[in-house]
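Everything below concerns the one structure shown next.
Values in this text are rule-based calculations from the coordinates and carry no lab data. Keep in mind the model is a prediction, meaning the values are calculated, not measured. We place every Cβ from the backbone using ideal geometry, glycine too, and count neighbours over all the protein chains shown.
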Amino acid sequence: MKSAYELAMSRLDAAAPPVKLTAAQKAELAEIDNLYTARIAERRVFLEGQIREAAGDPVAERELRLQLAREVARLEEEREAKKDRVRR
């Protein structure tokens, strides 16, 4: 007898079979991950430095934190879009 998890996974596989990636696609996906991980780290270092400089001004600090969150979200979104194009 299958568990509920096993049944759900078999239904999921039947509805959308897993995509087999080639070695080239896997390499490209890894390259995209590395590139965007570096870009996100670069933005974090830069903006966290500015946040430390603005420590006395809560409004500026808040704006910089919001900017950091927006930029990280944008870069993550770009990364996933590029990875989706490679998978297709």
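Can Glu6 be described as under 21 Å from the mean Cα position of the chain (by Cα) and not hydrophobic (A, V, I, L, M, F, W, C)?
no
Filter segment 73-88 down to residues that are over 14 Å from Gln25 (Cα atoms), without any contact (Cβ under 8 Å) to a residue 24 or more places away in the chain and of a type outside the set (Asp, Glu), then give me how many there are.
3
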